Amino acid sequence: MPLSMVQSPPRAAQELGTVRAEGAANPPAAEEVVGQVRPVRPRVAQAERILEELKAAQARKQASAESDGASSSRRQGQPNLLSPDWIQARLGGAGFSSSTSSSSRSKPSAPRSARTASAGRHILDEEERAIRLTMLEKTGPRYSVESAAAYFRSRQVEVMKRRITVSMPLVSFLTRVVLDYQAGKEEERRPQRAHEFLGIIGELGPAFIKAGQALSSRPDLLPAEYLNELQKLQDRLPPFPTELAFKVIEEELGRPMSEVFEHIEPEPVAAASIGQVYRGVLKTGEKVAVKVQRPNCEEIIAVDIHILRQLSGLLASFLRLLNRELDLRQIIDEFGKLIYEEIDYVKEADNATRFMALFGDLDGIFVPRVFWKHTGRRLLVMEWVEGQRLTSNDLDNRPQLVRTMVQCSLRQMLEEGFFHADPHGGNLLATPDGKLCYLDFGMMSEVNQKQRYGIIEAVIHLVNRDFESLARLYVRLGFIPQEQDLRPIIESLNDALPDVLNASVSELNFKSVIDKLGAVFYKYPFRLPEFYTAILRCLGVLEGLAIQIDPSFRIINDAYPYIAGRLLIDDAPEVQDILEVLLFNQGEPRWDRLENLLESAADSKSYDVTLALNRMVEYILSQRAERLRYKVADDIVDELDELSSDVAKYAAGLLVQQAQLVSKQTGLPLLPPFSFLARSIPSPVETQAMTNAARLLSALRRSQGFEPARLQPAVEKFARNPEGRRILLEVGVNLAERMSSRTIRAIFNLSDDGKRRTGGRTGSR
């Protein structure tokens, strides 16, 4: 029942009209619409985005053709389980008489042949493109407060019954929490109450299960004890009858299932709060996963959201007794919009198609295709994928799969800004050919460019323990009000993360960091936007899954090389701003931070040291670096002078040691030059400057693009620029003066008062 006051989507065969050459002769009438019908407007932005995806895909795969042609023949000897007689018997409640059963279903079928993502398998043919655009033009279920209120106004008895069912356990629970607070025992009893809250949410139905899962990544709304309990919430409900599922399938197809499917197994392979999945085979031979929405799912969810909005004032009054001032109605409305997108299977199909276009060609990634011809608002038909869970002990390449998973997620969030927000173990498979397969595209999220750079900056400030800059970033992103005093927040961040202050990047545990940041988010007036909570949820789930495979895994450690590489090669002004704040402190270069970035970026496959050198040259020669470049040049002179002196002393010490060894073995006295050096040169010891230089050289050698021929153009560009030539001349003259001075002092055995670099090395990361 459409509760969102929009036109109910016509069945698939009706939607396509003349687009589909077969099918919908004499289509059944469209479903009735409750209340006022909104005019159907084409989604121009979506259509333009789809066309851009297609252009990009075709540019990458110009000579490609669809590899998954619907051309396989029917399986020999298999009974037609979708004959009209069988369907009539099944829908009429007769027992299932086929030889296929749940026991036979549980046996693994022969793995599909190993295949790579063929060139262009993500490119839709003309018919599929037309179907996709046509279906997206139709307005699906949308969250509407006014429409729901109008719809339920005539169903007051039904609403009141459900309101009593919902409000009694919630009000009783909040009363116990308030009494704990007044008795001064709220923190002591918080774990117990959190466990009780989990039980209540799990019993109240699909909308509350989804709401609990959303709350599990909201440290600004709930304390850590509740977040940890809600993360245990399982989105599982008993399956609904297959007769009802098949009825929904036929309603969405607009024709008998036997015209589309060769075979569908009689029992679902998975069931959740919104729908369940069957395994089937199309008439054209492809194995498919058939996802069917629960009957009346929208109405069940709509009534619960409607009731929650009605109760929001009462619930908010309880929270005020706990000194928590929250706009519950706004929070409920945000959740309503999200869950309505999740129950629209056309939206999920569009997500999956877009995801395949963006990431289907990445090494080690597999994305199942959508069969748009057979998909509707309550029906999603996708390619069936054989595979194993990532936690399976039978997999030999689990560490590689984890790395692929993390790197792909980073690319989703930080490059494309479109990411899978729920990558738990049930939504990821390892295919027989060793690829990582993504499933279930109902929970996706988007991040705009400004937000992406904000994420990069936040990680950089966290890794470098710069909590003052982190707090200012939170203000810029709108997480906290502009007028908020940042001093107590900065102090709380320092107090909450003492171990982080002393931990290396490799020791940073994301869950531990977020738990401690969450305490600060909960204490102060933070308001985390949806994209940020989706990222927290995504990264937390990723690290949790990865730790099951590799207990030593740390997602920040694995992600930092990628972020460091982006900082060094991205020429966006926002990135230059971040880099300037990171590498300079009141005009003083922070060389340790640059060395750390170069070392970390060397381990990233997306980093190219040639691009990084070009970015550095462009920055040093730019107007914004006018005051900095000569300070950088002075520091380079200091460093090279110190390094050359240390290397010379080290080499002389080694030479003296070798001469002493020869003298001892032969019994001959040391020659006069070596006698002089032995008195004035200490034993060879590797200095800090030599260690730093060796680390830096090693990082550069590990980096992609570290080849003289590729580096030469950037060097020539610098040397051709007048300002660049002036810097090179100054560096050369200063170094010559320093070396001459050292040589004279060495000859006359004078004390060495050569300059030592004073700036930059503060131990920062």
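Let me confirm something: among 675, 644, 663, which residue is modelled with pLDDT of 85 or more, assigned by TED's automatic domain parsing to the domain that holds residue 694 and surrounded by fewer than 18 Cβ atoms within 10 Å (Cβ to Cβ)?
644
Is it the case, given these coordinates, that residue 590 is touching a Leu at 6+ places or on another chain (Cβ under 9 Å) and either of a type in the set (A, V, I, L, M) or open to solvent by 10 Å² or more (accessible area, probe 1.4 Å) (or both)?
Spelling it out, residue 590 is indeed touching a Leu at 6+ places or on another chain (Cβ under 9 Å) and either of a type in the set (A, V, I, L, M) or open to solvent by 10 Å² or more (accessible area, probe 1.4 Å) (or both).
Being farther than 28 Å from residue 619 by Cβ and modelled with pLDDT of 85 or more is true for just one of 535, 569. Which residue is that?
The match here is 535.
For segment 444-466, which residues satisfy the criterion of being modelled with pLDDT of 90 or more, open to solvent by 10 Å² or more (accessible area, probe 1.4 Å) and assigned to a loop (DSSP other than H, G, I, E, B)?
Hit for segment 444-466 is 448, nothing else.
For segment 586-596, does any single residue satisfy the condition of being touching a residue at least 12 places away in the same chain (Cβ under 8 Å) and in contact with an Asp or Glu (Cβ under 8 Å, 6 or more places away or on another chain)?
yes
Among the residues of segment 400-419, is there at least one that is at pLDDT below 90, in a loop (DSSP other than H, G, I, E, B) and not polar (S, T, N, Q)?
The answer is no, given that none of the residues of segment 400-419 is at pLDDT below 90, in a loop (DSSP other than H, G, I, E, B) and not polar (S, T, N, Q).
Quick one: which helices (runs of 4 or more DSSP H) lie wholly within segment 109-188 and hold at least 3 residues that are at pLDDT below 90 and of a type outside the set (A, V, I, L, M, F, W, C)?
126-137, 145-152
Suppose we keep only residues that are in a helix (DSSP H, G or I) and over 16 Å from the mean Cα position of the chain (by Cα) within segment 355-376. Which one would you say is farthest from residue 254 (Cα to Cα)?
Ranking the qualifying residues of segment 355-376, first place goes to 357.
Tell me which helices (runs of 4 or more DSSP H) are completely within segment 561-636 and hold 1 or more residues being closer than 19 Å to residue 470 by Cβ and of a type outside the set (Ser, Thr, Tyr), or say none if there are none.
Filter on segment 561-636 gives 573-583, 591-601.
Are any residues in segment 156-190 within 37 Å of the chain's Cα centre (by Cα), closer than 14 Å to residue 322 by Cα and exposed (fewer than 12 other Cβ atoms within 10 Å of the Cβ), and if so, which ones?
187, the sole residue that qualifies.
Show the residue pairs that are 6+ apart or on different chains and have beta-carbon atoms under 6 Å apart, the first residue being within segment 368-394 and under 13 Å from residue 260 (Cβ atoms), the second being outside any loop (DSSP other than H, G, I, E, B) and open to solvent by 20 Å² or more (accessible area, probe 1.4 Å).
What qualifies is 381/374.
Scan the strands (runs of 3 or more DSSP E) fully inside segment 210-317 and keep the ones with 2 or more residues being open to solvent by 10 Å² or more (accessible area, probe 1.4 Å) and out of contact with any Lys or Arg (no Cβ under 6 Å at 6 or more places or on another chain).
Filter on segment 210-317 gives 287-293.
Which residue out of 152, 197, 173 is of a type outside the set (A, V, I, L, M), over 19 Å from residue 234 (Cα atoms), without any contact (Cβ under 8 Å) to a residue 40 or more places away in the chain and touching a helix residue (DSSP H, G or I) at 6+ places or on another chain (Cβ under 7 Å)?
Answer to the check: 173.
Among the residues of segment 326-348, are any free of Cβ contacts under 8 Å to residues at least 12 places away in the same chain and outside any helix (DSSP H, G or I)?
yes
The values are calculated or read from the model by the stated rules, or taken from the named source; none is laboratory data. Computed from a prediction, not measured in an experiment: that's the story for all the values here. Using ideal geometry, Cβ is built from the backbone for each residue, glycine included, and neighbour counts are taken over all protein chains shown. Just the protein is used for accessible areas: all its heavy atoms, side chains included, with ligands, DNA and RNA removed. Shrake-Rupley method; radii C 1.70, N 1.55, O 1.52, S 1.80 Å.
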